[in-house]
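The structure under discussion appears below in the form of structure tokens.
Values in this text are rule-based calculations from the coordinates and carry no lab data. Just so it is clear, the structure is predicted and the values come from calculations on it, not from any experiment.
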Amino acid sequence: MEVWDRAKLDDLLSVHADVEASFTRDNLLEAARLYGQERALLMGGIGDVSARVTALGG
């Protein structure tokens, strides 16, 4: 067994950025942005809830 420090792990991740991205990205939020539905996720709190309800009523 070998213990790696932060510098070693950062070095390995710099070579394989796709691995880091798979742990840090939010697939649901990316999909919502792709389809223009960020507000549907209500990530902006009560303001998004109010706007979403108003839009649905319209």
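One chain, two ends: D10 and L56. Fully extended at 0.36 nm per residue, the span grows by 12.0 nm beyond their Cα-Cα distance. Got a sec to turn the phi values of the range 6-14 into Karplus ³J(HN,Hα) couplings, 6.51 cos²θ - 1.76 cosθ + 1.60 with θ = phi - 60°, whole Hz, x for Gly and Pro? For the range 6-14, the Karplus curve yields 4, 4, 5, 5, 4, 5, 5, 5, 5 Hz. Given their separation in residues at 0.36 nm each and the Cα-Cα distance between them, V3 and L28 gain 5.6 nm when the chain is fully extended.
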